[in-house]
Amino acid sequence: MKKAGVFFVVVSGLIALGSCEQPSMDNPETGEVNGENVFQYYCTSCHGPKGDRMVGQAPDLTKSNIEDDAIRKMILYGSDKGMAAYQSLISEEEFPALVEYVKSLRN
């Protein structure tokens, strides 16, 4: 039952993302991708705005110690614990900024 609930949350979130216009992910002052903006748009529904909310089996990102490449792969391909793959949603330009922002959430 928990897997079905997590699946429902992920699918509902993806449907909601597809039905609204994506805000700018760039920092208006520098023009560079802002990792916090990317995180707020794609990740907060499960991880919360500070990375410490754990919907379903979403981990507390403030306690994460995984390396950059593992973070990137998790975002790209998802996991068997309910995280959806964001490969087709997050651009190559957004990944480095998102990975750095996720790491900045650590305590």
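The values are calculated or read from the model by the stated rules, or taken from the named source; none is laboratory data. For clarity, every value in this text was computed on a predicted model and none was experimentally measured. Positions of Cβ are backbone-derived with ideal geometry, glycine not excepted, and every protein chain shown enters the neighbour counts.
Observations
- Residue count, region 63-80 (criterion: farther than 13 Å from CYS43 by Cβ and touching a residue at least 40 places away in the same chain (Cβ under 8 Å)): 2
- For region 28-47, a residue qualifies if it is charged (D, E, K, R) and either surrounded by 19 or more Cβ atoms within 10 Å (Cβ to Cβ) or assigned to a helix (DSSP H, G or I) (or both), and exactly one does: GLU36.
- Count of residues meeting criterion [charged (D, E, K, R) and surrounded by 14 or more Cβ atoms within 10 Å (Cβ to Cβ)] in region 74-99: 1
- Leading residue by the ranking (modelled with the lowest pLDDT) among those in region 8-62 that are under 12 Å from the mean Cα position of the chain (by Cα) and of a type in the set (Gly, Ala, Ser): GLY13
- Among residues of region 48-71 being in contact with a Lys or Arg (Cβ under 9 Å, 6 or more places away or on another chain) and not in a loop (DSSP other than H, G, I, E, B), the one that is surrounded by the fewest Cβ atoms within 10 Å (Cβ to Cβ) is LYS63.
- Search result, residues across region 23-57 that are in contact with a helix residue (DSSP H, G or I) (Cβ under 9 Å, 6 or more places away or on another chain), within 17 Å of GLU92 (Cβ to Cβ) and free of Cβ contacts under 8 Å to residues at least 12 places away in the same chain: ASP26
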